[in-house]
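Engineer: Quick one: this structure, given as structure tokens, is what I'll be asking you about.
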Amino acid sequence: MERWSPPLELSRQAQSLMKRLTRGRARLGFLRLHRHELFDETFQEQLEGMYRMTGAGEPPHPPALMCMVTLLHGYVEPLEAVRWLQGAHRTRP
């Protein structure tokens, strides 16, 4: 199963977003800066273990990415969360 491995460095777009975060959105900045620590290899392996592998349907999305989207959903509107993660999605190999 594919694992989520977003870049560690902030893109120019991400730097711009980080500068515009207000106090109420500081958690978003924390998640962006520490996502590689929160979703390390051990935790990603645990998340993968929760997936049911039947082969039916579409291929699964990386579990850590889905977990991050769930966290973001608690802080922001869904469309804003998608825009926030677009940078990570575009930079995947």
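Engineer: Looking at residue 15, is it among the polar types (S, T, N, Q) and touching a Phe, Trp or Tyr at 6+ places or on another chain (Cβ under 8 Å)?
Structural biologist: Judged against the criteria, residue 15 is not a match.
Engineer: Can residue 3 be described as closer than 24 Å to residue 77 by Cα, in contact (Cβ under 8 Å) with a residue 12 or more places away in the chain and open to solvent by less than 90 Å² (accessible area, probe 1.4 Å)? It would help to see each step written out before you state the result.
Structural biologist: On the way: closer than 24 Å to residue 77 by Cα: no; in contact (Cβ under 8 Å) with a residue 12 or more places away in the chain: yes; open to solvent by less than 90 Å² (accessible area, probe 1.4 Å): yes.
For residue 3, the condition - closer than 24 Å to residue 77 by Cα, in contact (Cβ under 8 Å) with a residue 12 or more places away in the chain and open to solvent by less than 90 Å² (accessible area, probe 1.4 Å) - is not met.
Engineer: Let me ask something else. Can you find a residue that is among the small types (Gly, Ala, Ser), at negative phi, in contact with a His (Cβ under 9 Å, 6 or more places away or on another chain) and at pLDDT below 85 anywhere in segment 17-33? Full working, then the answer.
Structural biologist: In the first step, residues of segment 17-33 are kept if they are among the small types (Gly, Ala, Ser); the result is 24, 26, 29.
The next check asks that each one be at negative phi; those that pass are 24, 26, 29.
From the residues that got through so far, the ones that are in contact with a His (Cβ under 9 Å, 6 or more places away or on another chain) too are none.
No: zero hits.
Engineer: Assuming residue 57 fulfils every condition listed in (1) on the phi < 0 side of the Ramachandran plot; (2) modelled with pLDDT under 85 apart from one, which condition is it?
Structural biologist: Answer for residue 57: the failing condition is (1).
Engineer: Filter segment 9-39 down to the residues that are surrounded by 12 or more Cβ atoms within 10 Å (Cβ to Cβ) and among the charged types (D, E, K, R) and list them by number.
Structural biologist: 25, 27, 32, 35
The values are calculated or read from the model by the stated rules, or taken from the named source; none is laboratory data. Model, not experiment: these values are computed from the prediction. Glycine also receives a Cβ, built like all others from the backbone with ideal geometry; neighbour counts cover every protein chain displayed. These accessible areas exclude ligands, DNA and RNA; they are computed on the full protein's heavy atoms, side chains included. Shrake-Rupley method; radii C 1.70, N 1.55, O 1.52, S 1.80 Å.
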